[in-house]
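Here the structure comes first, spelled out in structure tokens, and everything after it is commentary.
The values are calculated or read from the model by the stated rules, or taken from the named source; none is laboratory data. Predicted model, so just to flag it, every value in this text is computed and none were measured. Glycine gets a Cβ as well: all are built from the backbone with ideal geometry, and neighbour counts include every protein chain shown.
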Amino acid sequence: MQAKEQRYYSPEEYLELETTAESRSEYFNGQIFPMPGGLPNHNRIALNFSAALHSAFKRKNYEVFMADMRLWIPQVRLYTYPDVMIVSGALEFAEGRRDTITNPIAIAEVLSESTKNYDRGEKFKLYRSIPSLREYLLIEQSEKSVEQFFKNENNQWILSEYQGEEAMLSLNSVEFQISFSDLYDNVEFESVDEI
């Protein structure tokens with residue numbers, strides 16, 4: 001993650017800049033970081049997952065948000081745009097905002113080459129400071145593979161891994177399953193010869 005400039009921005013300055021920005025940025029502790037655009041496979045996976053969640057949650061007390069909904073984590077002073085978020089019950093907004101939520105129970109990030117180390121490391125550490133968060137998913141786009149982290153009743157994060165054509169991803173924070181054939185529908189994988 002590369003900072004836009006080496007100067008301090010207040011959260012208010014960042015939010016003002018975001019209203020006119022041509023592309024999205026993250027804000028972390030006074031620094032602004034441009035977010036890279038997603039490739040077609042990235043968007044296909046996020047949309048497949050979001051659409052399946054949205055369909056499963058009809059007439060239930062859950063909401064699903066994609067990458068345009070901003071998340072504020074006041075404990076670590078982070079504004080970011082997760083690929084997919086699930087909220088249970090009423091939305092809790094950042095103070096004075098209607099475009100920034102604070103209470104996801106689950107977050108999914110579709111991994112890209114440029115951000116996967118950040119998503120697995122520092123970003124997950126920051127996400128763990130969200131009191132409501134119970135589940136974090138890292139979805140590969142170059143192969144059929146998902147890493148699932150779930151916070152158990154002892155507040156320990158437990159890792160489960162899913163791989164392969166026949167895999168079925170089962171969430172722990174909500175009653176939901178999705179097959180990898182649905183999660184990766186229309187995703188075009190490069191053959192080994194093309195890499």
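Points worth noting:
- E161 being among the charged types (D, E, K, R) and free of Cβ contacts under 8 Å to residues at least 40 places away in the same chain: yes
- Condition met for T102 (at pLDDT 95 or above and hydroxyl-bearing (S, T, Y)): yes
- Selection of region 55-74 for residues being part of a loop (DSSP other than H, G, I, E, B) and more than 15 Å from E12 (Cα to Cα) yields F57, K58, R59, K60, N61, A67, D68, M69.
- Members of region 90-112 found to be surrounded by 17 or more Cβ atoms within 10 Å (Cβ to Cβ), hydrophobic (A, V, I, L, M, F, W, C) and more than 18 Å from E122 (Cβ to Cβ), listed by number: A94, I101, I105, A106
- A residue that is touching a Lys or Arg at 6+ places or on another chain (Cβ under 7 Å) and either in contact (Cβ under 8 Å) with a residue 60 or more places away in the chain or not charged (D, E, K, R) (or both) can be found somewhere in region 138-147.
- Residue selected from region 92-139 under the condition over 23 Å from R44 (Cβ atoms) and assigned to a strand (DSSP E or B), by the criterion nearest to the chain's Cα centre (by Cα): I105
- Test result for R59, of a type outside the set (A, V, I, L, M, F, W, C), touching a Phe, Trp or Tyr at 6+ places or on another chain (Cβ under 7 Å), closer than 23 Å to F93 by Cα and surrounded by fewer than 19 Cβ atoms within 10 Å (Cβ to Cβ): no
- Pick from region 29-50, criterion part of a helix (DSSP H, G or I) and over 15 Å from the mean Cα position of the chain (by Cα), ranking: farthest from L111 (Cα to Cα): P40
- Residue within region 75-84 that is in a strand (DSSP E or B) and either farther than 16 Å from N29 by Cα or more than 13 Å from the chain's Cα centre (by Cα) (or both) present: yes
- Those strands (runs of 3 or more DSSP E) lying entirely in region 140-195 with at least 1 residues in contact with an Asp or Glu (Cβ under 7 Å, 6 or more places away or on another chain) and of a type in the set (D, E, K, R): 145-151, 157-163
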